[in-house]
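Colleague: My questions will all concern the structure given below.
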Amino acid sequence: LHLLEPAAPRGLRLPIDFFFRSLAQDQRERAVGIVLSGTGSDGTLGLRAIKGEGGMAMAQSPDTTEFDGMPRSAIATGLVDYILPPAAMPAQLIAYATHALGTALQPVTSAAPQAESALKKIHILLRAQTGHEFSQYKPSTIARRIERRMAVNQIAALDSYVKYMQQNPAEVEALFRDLLIGVTNFFRDPEAFRVLEQQAIPKLFANKPANAPLRVWVAGCSTGEEAYSLAILLVEHMEALKQSHTIQIFASDIDSQALATARAGHYPASIAADVTPERLARFFTAEPESGAYRIHKGLRDLLVFSEQDVIKDPPFSKLALVSCRNLLIYLGAELQKKLMPLFHYALNPGGMLFLGTSESVGEFGELFAAVDRSAKVYQRKGGTPGLLRAGLSGFQPALEAACPRSAPKTAFPVKLPLRELTEQALLQQVVPVGALVNSRGDILYLHGRTGLYLELPPGQTGVHNILKMAREGLLPELTTTLRKAAGLKAVVRCPGVRVKTNSHFTSVDLTVHPVPVGLTGAEPGPEAALQEETLYLVLFEEAPAAPAQVPPAAAPADGTGPRIAELERELRAKAEYIQSTHEELQSSTEELKSANEEMQSVNEELQSTNEELETTKEEMQSVNEELATVNAELQTKVADLSRTNADMNNLLAGTGIGTVFVDHQLRILRFSPTVSALINLIPTDVGRPVGHLVSNLVGYDRLVADAQAVLDSLIPRELEVQTRLGAWFLLRIRPYRTQDNVIEGVVLTFTEITELKKTQAALRETEGLRRLAVVLRDAHDAITVQDLEGRILAWNPGAERLYGWSEAEALTMNIRDRIPQALRGQTLARLARLSRAETLEPYRTQRLAKDGRTVDVWLTATALLKTDGAIYAVATTERGVGLDNQAAVAPEHA
């Protein structure tokens, strides 16, 4: 049960292949998969696993779902048996369970003749529609798949299912697809792959020159996980050796849908349970939108996936490794015996064979040596030619049919075991003369004196053929007898054959015995490198003399009667020979017609393929033109980007504004040259955290904290900072926004404001002087400033009103010019006290005016100090005393 509804509890949202792995073996055999609505594709592998064990898959109809991603994905795999709305699922599930688990279903494995006949019809239907032969597969596997299809279609009797298949070709295709269901995953049986990685793969690369090709064949690759697993191991070992080799991996299967999945290289997120995180990151690309993984293109380019039937199609050759895992367990013993020599032929000397954990090389221990028996890793041995050719004969067309006797063959030397075979057969027949030949008549061994019946033909000698060596009178009967024996596979006798020996005719009894090679039980030698499995023993035995008979009264007097009878017998033999030849000619004609039709069909397929290739070529040309256009646009974009980058660099360098770009982790991405005077930056600092760098700023150590605060709040900050050299800069920290308004860091800018700070200080000082000038101008009292020698430095309008001198006149005068003669000594003494920074209280005194009169004033004197505390001038504030109070004014000395 696979629940992917958004409302389902999170704990139930499990990929179906994980769920399947949790089942016990007895549960897997009758597992039922139900796919409800959801949004993923993780269940595909699990569906294949359940179907591989004979289970049933049911999907919710997409038009009844809120999220139809999972049902559509499951339906697209072709692995779903029922597409139903949820309301119809329970009834269908109960009906399936009744047929699948109940007792009403007729067992397919029944040994009854009726069941065997039905199975043969099913095999014929499969072969006729799909072109693949399943009769030699394991009966239990075939039976389980047929029973599953019968349960899906709710058919109880096997004969009824055969009729259903005859009426519905789609059911034949459905059964074919069920037979192809395979269960696989990455690095299946990890211990076996570990042995392969550590013991077998290093031997494949040993003593192999650089850039040498390494060819691998994965037979029965299914959806490709095993092929990609081997590719990962080979690439990892090649990288560890730091060598370069051309790796070619041929992955074949007869399931076109599984090959389509393998070619796409798109697998669900559940493969993380079988692939390490390091390999996921190295060889896969995660697709966040679908939660799946895709094989890297570099690894995908190492593999070639092809639709191939390992049972009948020619194998790949010159291979370093053949991986055929969990395929032999579905095949019968005869097919397994043919596959082992085939793999031996395909492998290079020392090549490796990798089988499934439940498989072995069986009786072919002379062809393969075990590297690790538990992991089922074997290494190719030299092998025996007879076994190799015997295994390959089932996969290659007969040479005689393709090119009859086009290539001469060298006669086999007379040695064991063919000699023993011939002698044993002759001893059984107790005859002195005979010849062992194959179905073409090539002589393999002669026994006894055969010169009375056979002679060498004129011309070049090559393979000695018994038909070419037959003496006069023997050829027609010998040809007919050989063909009858080959067709009937039984002993054929032809008595009384007249053979011309020298100057007279000899009557010979001719007998042909089929001799199967397996009768001897001996180890085949090099002579066994034949394509035929049956040889023929031709025996020549001189016929006993016929008893003398009295000629009939009606016989001609001239003695021609026996001659006429002999001629009639020879004529009948000739007629039989011609008839046999005519029948063989008709058979050959029919075969040629069939071959011609097949060639026409192949020609049509080739023409169709050629048209597809032309279409593909046009599409590739169109794609190439599009790529050229895209490349030109890309080059233009690159040129524009380079120009823009140069403009930005010049802008940053020309503005004199120090700029630093940092990311979310406050690592430096880029900086302008100006900022190097503030923060000790060099080009290699790109990527380092900004907090690790040494700053030349005085009294400011919150750069990292302020930048992080701007990242958190997205509120820009501005503050003034000062360097150790006294320069002032305005620091701005702002978020870095992309064109899509995405925050990807912050930007730090340093703008120099040293001159601005100086101007501000000057403005503040000027403002103070301006305020002081206003006070001096608007004050009613007389305010003056004189240096320590008495020279007047400042003179305000109040002084002009009180004393009558203008400012220009006063600035040329000395304080002595304004003090009456009698008061000069005391006034200078007071100035001396001020120069010693003593404090004086306001006092009353007298000053002279421009018109000569004496003015009584209250005077306040203040010493003006430098920054070092020294007095440089004296400021006085003088206020006149009214005339009505002059009498009360005491003289200064009082």
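The values are calculated or read from the model by the stated rules, or taken from the named source; none is laboratory data. It should be emphasised that the depicted structure is a prediction, and the values quoted were computed from it without experimental measurement. Neighbour counts run over all protein chains shown; Cβ positions are idealised from the backbone, glycine included. Accessible surface areas use protein heavy atoms only, side chains included; no ligands, DNA or RNA. Shrake-Rupley method; radii C 1.70, N 1.55, O 1.52, S 1.80 Å.
Colleague: Would any residue of the range 312-352 have its amide N under 16 Å from a label point 7 Å out along Cα→Cβ of HIS132? List them or say none.
Modeller: Taking a point 7 Å out along Cα→Cβ of HIS132, the residues of the range 312-352 whose backbone N falls under 16 Å are 312-314, 325-332.
Colleague: Whenever you get a sec, compute what percent of the accessible area on the range 556-712 sits on carbon and sulfur atoms (1.4 Å probe). All intermediate terms of the calculation are to be shown ahead of the outcome.
Modeller: On the way: 6390 of 11360 Å².
Here it works out to 56 percent.
Colleague: Okay, moving on. Listed highest first by mean packing, meaning other Cβ atoms within 10 Å per residue, what order do 562-569, 363-370 come in? If you can, show how the numbers build up before the last one.
Modeller: Working: 562-569: 11.4, 363-370: 16.9.
So the order, starting with the most tightly packed, is 363-370, 562-569.
Colleague: Quick check for me: using +1 on Lys/Arg Cβ and -1 on Asp/Glu Cβ, what's the dipole size of the range 297-378 about its Cα centre, in debye to the nearest 20?
Modeller: With only Lys, Arg, Asp and Glu charged at Cβ, the dipole is about 200 debye.
Colleague: Using θ = phi - 60° and the Karplus form 6.51 cos²θ - 1.76 cosθ + 1.60, what ³J(HN,Hα) does each residue of the range 168-180 get, whole Hz, x for Gly and Pro?
Modeller: 10, x, 5, 5, 4, 5, 5, 5, 4, 5, 5, 5, 8
Colleague: While we're looking at this one, here's another question. Take the solvent-accessible surface of the protein heavy atoms, probe 1.4 Å, and return the percent of it on the range 716-856 that carbon and sulfur atoms account for.
Modeller: C and S atoms contribute 52 percent here.
Colleague: By the gyration tensor of its Cα atoms, with a ≥ b ≥ c the square roots of the eigenvalues, what is the shape of the range 186-233: rounded for a/c under 1.5, prolate for a/b over b/c, or oblate?
Modeller: On the way: a/c = 2.82, a/b = 1.45, b/c = 1.95.
Verdict is oblate for the range 186-233.
Colleague: Another question, if that's okay. Please compute the per residue accessible area over the range 742-806 with all protein chains in place, 1.4 Å probe, rounded to a whole number of Å². Walk me through the numbers on the way to the answer.
Modeller: On the way: 3750 Å² over 65 residues.
Ligands and nucleic acids excluded, the result is 58 Å² per residue.
Colleague: What shape does the range 334-383 take by its C-alpha gyration tensor, where a ≥ b ≥ c are the square roots of the eigenvalues and a/c under 1.5 counts as rounded, a/b above b/c as prolate, and the rest as oblate? Don't skip to the answer; put the middle values down first.
Modeller: Working: a/c = 1.66, a/b = 1.08, b/c = 1.54.
Oblate, since a/c reaches 1.5 and b/c is not below a/b.
Colleague: Enumerate the residues in the range 129-161 having an amide nitrogen under 17 Å from the point lying 7 Å beyond the Cα of SER117 toward its Cβ.
Modeller: Answer for the range 129-161: 157-161.
Colleague: Report the label-to-label distance for ALA849 and ASN650 in nanometres (one decimal), using points 7 Å from each Cα along the Cα→Cβ vector.
Modeller: Calculated label separation equals 7.6 nm.
Colleague: Compute the length gained on full extension between ARG717 and PHE67: take 0.36 nm times their separation in residues and subtract their Cα-Cα distance, giving the result in nm to one decimal. Display every interim value, and only then the final one.
Modeller: On the way: separation 650, 0.36 × 650 = 234.00 nm, distance 4.73 nm.
Additional length available on full extension: 229.3 nm.
Colleague: Turning to a different aspect of this structure: How big is the gap, in Å, between the Cα center of the range 661-701 and the Cα center of the range 734-813?
Modeller: Cα centroid to Cα centroid, the span is 39 Å.
Colleague: Here's something else I'd like to know. Which order do the peptides 784-795, 716-727 take when ranked by the mean count of other beta-carbon atoms within 10 Å per residue, highest first?
Modeller: Averaged packing, sorted descending, gives the order 784-795, 716-727.
Colleague: Ignoring any ligand, DNA or RNA, what whole percent of the accessible area of the range 142-288 comes from carbon and sulfur when the probe is 1.4 angstrom?
Modeller: Heavy-atom surface of the range 142-288 belonging to carbon and sulfur, 1.4 Å probe: 51 percent.
Colleague: With +1 on each Lys and Arg Cβ and -1 on each Asp and Glu Cβ, how big is the dipole of the range 292-342 about its Cα centre, in debye rounded to the nearest 20? Please list the in-between numbers first.
Modeller: Details: 8 positive and 5 negative charges, 41 e Å.
In total the dipole reaches around 200 debye.
Colleague: Rounded to the nearest 0.05, what FRET efficiency do ARG770 and ASN814 give with R0 = 41 Å and r taken as the Cβ-Cβ distance? Could you check? Walk me through the numbers on the way to the answer.
Modeller: On the way: r = 29 Å, r/R0 = 0.70.
With R0 = 41 Å, the Cβ-Cβ based efficiency is 0.90.
Colleague: Can you list residues whose amide H is under 5 Å from PHE284's amide H, if they're 5+ apart or on another chain and H is modeled 1.01 Å from N?
Modeller: Sorted by chain and number, the residues that satisfy this are HIS296.
Colleague: Hey, another quick one. May I ask you to work out the translational diffusion coefficient for the range 682-804 at 10 °C, viscosity 1.306 mPa s, via Stokes-Einstein with Rh from the Kirkwood sum over Cα pairs, reported in whole µm²/s? Intermediate values should be presented prior to the final figure.
Modeller: Working: Rh = 19.4 Å.
Estimated via Stokes-Einstein, D reaches 82 µm²/s.
Colleague: Then there is this: Tell me, in nm to one decimal, what length is gained between ALA543 and LYS163 on full extension, where the rule is 0.36 nm per residue of separation less the Cα-Cα distance? Could the numbers behind the result be given before it?
Modeller: On the way: separation 380, 0.36 × 380 = 136.80 nm, distance 5.88 nm.
Computed gain between ALA543 and LYS163 is 130.9 nm.
Colleague: Additional query: Please work out how much length the chain gains when fully extended from GLU611 to GLN92, using 0.36 nm per residue of separation minus the C-alpha to C-alpha distance, in nm with one decimal. Display every interim value, and only then the final one.
Modeller: Values: separation 519, 0.36 × 519 = 186.84 nm, distance 4.61 nm.
The GLU611-GLN92 span can extend by a further 182.2 nm.
Colleague: Hey, got the Cα dimensions of the range 729-873 along the principal axes, in Å, largest first?
Modeller: 90, 31, 25
Colleague: Let's see if you can work this out: charge +1 on each Lys and Arg Cβ, -1 on each Asp and Glu Cβ, no other charges. What is the dipole magnitude of the range 614-671 about its Cα centre, in debye to the nearest 20?
Modeller: On the way: 5 positive and 9 negative charges, 127 e Å.
About 620 debye.
Colleague: Under 1.5 on a/c is rounded, so check that first for the range 615-759, then, if it is not, pick prolate when a/b is larger than b/c and oblate when it is not; a ≥ b ≥ c are the square roots of the alpha carbon gyration tensor eigenvalues.
Modeller: Details: a/c = 3.07, a/b = 2.36, b/c = 1.30.
Prolate.
Colleague: Compare the Cα positions of LEU592, ALA573, ASN610 along the charge dipole of the range 556-618 (+1 at Cβ of Lys, Arg; -1 at Cβ of Asp, Glu; about the Cα centre) and return the one farthest towards the positive end.
Modeller: Projecting each Cα onto the dipole axis, the largest value belongs to ALA573.
Colleague: Tell me the net charge near GLN199. Cut-off is 13 Å between Cβ atoms, GLN199 excluded, with +1 for each Lys or Arg and -1 for each Asp or Glu.
Modeller: So the surrounding residues net to +1.
Colleague: Another question about this same structure. Cα atoms only, the range 270-363: Rg and Dmax in Å?
Modeller: According to the Cα coordinates of the range 270-363, Rg and Dmax are 17.2, 52 Å.
Colleague: For the range 635-705, what relative contact order do you get, as a whole percent, if you take Cα pairs closer than 8 Å and at least 6 residues apart? Let's see the in-between values first.
Modeller: Details: 74 pairs, mean separation 15.8, N = 71.
Relative contact order comes out at 22 percent.
Colleague: Using a Förster distance of 45 Å, how high is the FRET efficiency between HIS504 and MET599, based on the Cβ-Cβ distance and rounded to 0.05? Intermediate values should be presented prior to the final figure.
Modeller: Values: r = 52 Å, r/R0 = 1.15.
That gives a FRET efficiency of 0.30.
Colleague: Continuing with this model, one more query. Compare the peptides 665-677, 143-155 by average per-residue count of other Cβ atoms within 10 angstrom and give them in order, highest first. Walk me through the numbers before you get to the answer.
Modeller: Working: 665-677: 16.8, 143-155: 20.1.
Going by the mean number of other Cβ atoms within 10 Å, highest first, we get 143-155, 665-677.
Colleague: Specify the inter-centroid distance of the range 145-166 and the range 270-295, based on alpha-carbon positions, in whole Å.
Modeller: A separation of 41 Å, based on Cα centres.
Colleague: While we're looking at this one, here's another question. Work through the residues other than ASN348 whose Cβ is under 11 Å from its Cβ and net out their charges, Lys, Arg +1 and Asp, Glu -1.
Modeller: Numbers: positive: LYS208, ARG215, LYS318, ARG380; negative: none.
Residues near ASN348 contribute +4 overall.
Colleague: Hey, can you grab everything whose amide H is under 5 Å from the amide H of ALA543? Only 5+ residues off in sequence or another chain; H modelled, so Pro and N-termini drop out.
Modeller: Counting only residues 5 or more places away or on other chains, the set is SER507, VAL508, ASP509.
Colleague: Separate question: Check TYR736: other-chain or 5+ apart residues with amide H under 5 Å from its amide H, H built from backbone geometry?
Modeller: Amide H neighbours of TYR736, under 5 Å, 5+ apart: GLU744, GLY745, VAL746, VAL747.
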